[in-house]
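What follows is a single structure, written as structure tokens, with notes after it.
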């Protein structure tokens, strides 16, 4: 199941969608093949398609132990395979996205209420900062704290591991945020404040 999860996660949705427009996400925008760069390079419709696929990859992978009624294996541990596949895709020379959408899909399958909290936090910080990277980096440690209230050791452990992983994958974004030149989404408080100034 872990191998299947990895292969599902490895499906390079952004790369495949970009090919329909004769585009190479590796060479445009941030050079990343995930959802955010797809929105940036190809537009909203293509971005939504990639977002849906990346979410689905995490959800389907994580549901395997439940669907096949395999007891004694926590679904989150299988879902991690999809995250690894998304980040280090065997179909894209072990390159990939930053695993935020696929991680969200994993949480949706495992704990829908926790997923909804994560979505609310993510949307709130995007609206405030106008930066997807900022929202990802700030939301993750807050979600670790929230996970403690579920009294689920594996959920908290995975949340901590994902936070470290997401922050590491966003290290160049953090440098740009600190330098004041990170890419902005065209909405939100910070975007409008910057335009006015």
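Read-outs throughout are calculated quantities, based only on the coordinates presented, and are distinct from any laboratory measurement. Here the structure is a predicted model, which means the values were calculated and not measured. Neighbour counts are summed over all protein chains in view; Cβ atoms, including those assigned to glycine, are modelled from backbone coordinates with ideal geometry.
Numbers below:
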item: Residue check, residue 48 within 15 Å of the chain's Cα centre (by Cα) and in contact (Cβ under 8 Å) with a residue 24 or more places away in the chain; result: no
item: Complete set of residues in the stretch 120-156 that are more than 24 Å from residue 193 (Cβ to Cβ) and touching a helix residue (DSSP H, G or I) at 6+ places or on another chain (Cβ under 7 Å); result: 140, 141, 143, 144, 146, 147, 148, 150, 154, 155, 156
item: Members of the stretch 67-79 that are touching a helix residue (DSSP H, G or I) at 6+ places or on another chain (Cβ under 7 Å) and part of a helix (DSSP H, G or I); result: 75, 76, 78, 79
item: Output for the stretch 105-116, where each listed residue is out of contact with any helix residue (DSSP H, G or I) (no Cβ under 6 Å at 6 or more places or on another chain) and either over 27 Å from residue 67 (Cα atoms) or crowded, with 16+ Cβ neighbours inside 10 Å (or both); result: 111
item: Pairs, first free of Cβ contacts under 8 Å to residues at least 40 places away in the same chain in the stretch 171-182, second part of a helix (DSSP H, G or I) and loosely packed, with under 13 Cβ neighbours inside 10 Å, C-beta under 6 Å, six or more apart; result: none
item: Listing of helices (runs of 4 or more DSSP H) fully contained in the stretch 84-197 that carry 1 or more residues being within 14 Å of the chain's Cα centre (by Cα) and over 27 Å from residue 10 (Cβ atoms); result: 112-129, 132-147
